[in-house]
């Protein structure tokens, strides 16, 4: 790893994009080395005794070594390799590598309404600032790509690297969700089986209770873990599958809307049309017309 950091100017156009990168870099801190580097600007430099408060978001990935972290929302906690550290505007914090190991870190500082929305919607929270995503070549690759683009600052690079940043945040969120089920093989297997059953029975008159019975679990247990695993209740998951199947069927003019409704086991074509418009944004008739035009 070659130590690198850069603080970046942001134009008014960049701000209008909704997500802007303020700084980025990577650093190898050797054992017994001072931390952080004195070369950083005053508004980013801090001492362990005082900590600091930023007016931006940061995501830091510890690719090797270990250390410790503490914030206003998180008590003093050991940080292991493969951990992503999330910093939030206005949130006091401090962190450092262990003296006897040091650590390898990648970071990106950013701001924008896109980031604000992710926090407002609780995809990321200050009380869960430490995210154990594990060792990930994809995460390191995304950090490296962002760093490479900031070396030259070519015209229009900010929207480009902000897309990489959003990919990075999505990757961290996804890996964390997956790891939460790594030691729950029984639950993972049940949920994968449930999703397969729901797909296979999309045009059958089947209930969620019947799916739970086929899995030999209670309805309450199944509904709880399915929502945790997929992010939506089983009934909503089934409706989404039906809407996707309906789109495919509507693309064929030989299928009547009434016939599609009954094929997908809706009680009445009017209910199907109402639900389709609610989920897709247009009525089945308009969707079919657009398919024909395309």
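Read the figures in this text as sums done on the coordinates, not as results from a lab. No experiment lies behind these values; they were computed from the predicted model shown. Here the Cβ positions follow ideal geometry from the backbone for every residue, glycine too, while neighbour counts run over all protein chains shown.
Brief remarks follow.
- The smallest convex shape that holds all Cα atoms of the stretch 138-254, its convex hull, gives 138 Å³ per residue.
- Reference-scaled alpha-carbon Rg (2.2 N^0.38 Å with N residues) for the stretch 241-285: 0.97
- Using alpha carbons only: equivalent-ellipsoid semi-axes of the stretch 1-142, gyration tensor based, whole Å: 23, 17, 16
- Ellipsoid fit via the Cα gyration tensor, the stretch 80-177: semi-axes of 22, 18, 14 Å, each the root of five times an eigenvalue, largest first.
- Here the residues 16, 44, ranked from fewest to most Cβ neighbours within 10 Å of their Cβ, fall in the order 16, 44.
- Per-residue Cβ neighbour rank within 10 angstrom, fewest leading, 229, 157: 157, 229
- Matching the structure-derived semi-axes √(5λ) of the Cα gyration tensor in Å against the labelled list [x] 31, 25, 16; [y] 36, 31, 16; [z] 46, 25, 15 gives the label [z].
- With Cα atoms defining each centre, the stretch 82-112 and the stretch 4-79 are spaced 5 Å apart in the structure.
- Taking 220, 78, 98 as the candidate residues, the one with maximal mean-square fluctuation in a Gaussian network model of the chain, Cα springs under 10 Å, is 220.
- Ellipticity estimate at 222 nm from DSSP helix runs (n ≥ 4, -39,500 (n - 2.57)) divided over the chain, nearest 500: -14000 deg cm²/dmol
- Relative contact order (%) - the chain, alpha-carbon pairs under 8 angstrom, separation at least six: 14
- Ranked 27, 13, criterion: other C-beta atoms within 10 Å, fewest first: 13, 27
- Residue of 132, 155, 234 that the Gaussian network model of the chain assigns the largest fluctuation, springs spanning Cα pairs under 10 Å: 155
- Length-normalised contact order of the stretch 193-276 in % [C-alpha pairs under 8 Å, at least 6 apart]: 26
- Computed on the stretch 29-117, with alpha-carbon pairs under 8 angstrom and 6+ residues apart, the relative contact order is 38 percent.
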